[in-house]
Amino acid sequence: MRRGERRGHGGALGKAALEEQPPQPNGGTSAAAVERTPPPPPGVEMDGSGLRRSTESEVYDDGTNTFFWRAHTLTVLFILTCALGYVTLLEETPQDTAYNTKRGIVASILVFLCFGVTQAKDGPFSRPHPAYWRFWLCVSVVYELFLIFILFQTVQDGRQFMKYIDPHLGVPLPERDYGGNCLIYDPGNETDPFHNVWDKLDGFVPAHFFGWYLKTLMIRDWWMCMIISVMFEFLEYSLEHQLPNFSECWWDHWIMDVILCNGLGIYCGMKTLSWLSLKTYKWQGLWNIPTYKGKMKRIVFQFTPYSWVKFEWKPASSLRRWLAVCGIIFVFLLAELNTFYLKFVLWMPPEHYLVLLRLVFFVNVGGVAMREIYDFMDDPKFHKKLGQQAWLVAAITATEFLIVVKYDPYTLTLSLPFYITQCWILGIILVLTWTAWRFFIRDITLRYKEIRRQKQEHKYEKDKCLSNGDGHSSIMDEQNGNKLRERKL
């Protein structure tokens, strides 16, 4: 049954909004509360205040509220209290200060995560479960606090502090140079002439593909993905004098990265987006499905979105949206650069599990942040402030960059080669020129043409009225019309 229609006496009502949570006992939208909202009239689209937007999919939900969706605040509190009581009363505290410090910090983080998962505010996503996204919101807070702590340490203390996480850290590591011999076919090597290509095929190749597949699902726009992909390769060209890791062969930049890994990932992501936009979002309670095949299908679809919205960024529609899209691209590129610079200044090898965990973290929080940013741009009357996850992602990205600035200012201040500087200055001038033309000069020109056209039309009407012997009334009407247009302009 359609979400928003009555399902019988005392039946629950749903709400056709993207990723709108099912009935949430922990402060979310309850079924009884939604029932008070009347169904929208035919042909009316909802916005944030209760009318479905044109880019949103229609959702059908029978309103089933099972044990899976209920809040378990008392259960979690009871289990947490029992665990703390066990540690306090039955477990002997070791006489190891370093061990007790580590365990106390971990326990404090776990208690905060338990509180956040059960009590934090729900975000825009509800599948597979709202508690999953609340967990990553709390992890964002913990990670930001960790970055703030690292930022307030000296460079030496901050690097040595990483030994408390992994004893193998805190040691300078050489960066791998991906440049070197850039011959695709090396005739001097008779055993394997394509050895340069095979050397570049490491674990980061599938990581590039899978990463851009997920980024496409976050951004939901082919043009923005391609711009970010190409721009990052230009950044690698520009900054290879700072980090040797950015030094790659030309075919590694444009063939393996942009076309094969990134391009294929973006293509598969767009195909997935097309399927999600055409998919029918009809949800039934698991116990309301009669067949075992239907139950298994319902369990699998629990890990797909509750509903879908097509992102229409429209950067050229207004100056506000243009600046917002430019800001999103800038933050994306800065977060990508932070990946390389952070492991460089904190002496972490590329294959370390902390680097992988950071990427997993951004995969989970990035989609929520992009949805909150889009809602803030697309419906500012309802979404009056930036979402909590988007705020944290922006703060984390800025804090990571500040750590890089503090820990290795020498590397960041290495001057760009002159030809690189010229290219960036030319690009910035072109962007600023297009912005001024599109949102200022073009608007003034169109306004002038419109006024001129209106004047010509009224002059024609005046001449026509004079020829009919009604000149006085025509002149008065023209003057009144001109005054009215001036007020409107």
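Any read-out appearing in this document is the output of simple, stated calculations on the displayed coordinates, not a laboratory observation. This one's a predicted model, so the numbers in the text were calculated from it and none came from an experiment. Cβ: placed from backbone, ideal geometry, glycine included. Neighbour counts: every protein chain shown.
Give the long-range amide H neighbours of Y60: residues separated by 5 or more places, or on another chain, with amide H under 5 Å away, using H modelled in the peptide plane at 1.01 Å from N. Amide H neighbours of Y60: R3, Y281, K282, W283. Taken one residue at a time, the phi angles of segment 410-419 give Karplus couplings (6.51, -1.76, 1.60, θ = phi - 60°) of 5, 5, 5, 8, 5, 5, 6, x, 4, 5 Hz. Gly and Pro are set to x. Packing, as the average of other Cβ atoms within 10 Å across residues, places the peptides 379-386, 209-216 in the order 209-216, 379-386, highest first.
Once a ≥ b ≥ c are taken as the square roots of the eigenvalues of the Cα gyration tensor of segment 266-396, is the result rounded (a/c under 1.5), prolate (a/b larger than b/c) or oblate (a/b not larger than b/c)?
Details: a/c = 2.32, a/b = 1.32, b/c = 1.76.
Oblate, since a/c reaches 1.5 and b/c is not below a/b.
Spacing of the modelled spin labels on T339 and R320, each 7 Å from Cα toward Cβ, amounts to 3.3 nm. Among the listed pairs K282/K314; K314/K464; K314/K459; K271/K314; K200/K343; K384/K406, a Cα-Cα separation exceeding 32 Å is found for K314/K464; K314/K459; K384/K406. Sticking with the crude label model, points 7 Å out along Cα→Cβ, report the distance from W275 to I79 in nm, one decimal please. The answer from the label model is 3.3 nm. Which loop GluC sites (Glu not before Pro) in segment 168-265, with loop taken from DSSP, have no more than 11 other Cβ atoms within 10 angstrom of their Cβ? Counting only loop positions with at most 11 other Cβ atoms within 10 Å, the GluC sites (Glu not before Pro) in segment 168-265 are E190. Computed 3J(HN,Hα) for segment 104-121, one whole-Hz value per residue from the Karplus formula 6.51 cos²θ - 1.76 cosθ + 1.60 where θ = phi - 60°, is x, 5, 4, 5, 4, 5, 5, 5, 5, 5, 4, 5, x, 5, 8, 10, 5, 6, glycine and proline marked x.
May I ask you to derive the FRET efficiency for A395 and H168 from their Cβ-Cβ distance with R0 = 45 Å, giving the value to the nearest 0.05? My answer for the efficiency is 0.95. Using the Cα gyration tensor of segment 337-385, with a ≥ b ≥ c the square roots of its eigenvalues, what is the shape: rounded (a/c below 1.5), prolate (a/b larger than b/c) or oblate (neither)? Because a/c hits 1.5 or more and a/b exceeds b/c, segment 337-385 counts as prolate. 3J(HN,Hα) couplings calculated from phi for segment 345-361 with the Karplus curve 6.51 cos²θ - 1.76 cosθ + 1.60 (θ = phi - 60°) are, in sequence order, 7, 9, 6, 10, x, x, 8, 5, 5, 5, 5, 5, 5, 5, 5, 4, 4 Hz; Gly and Pro show x.
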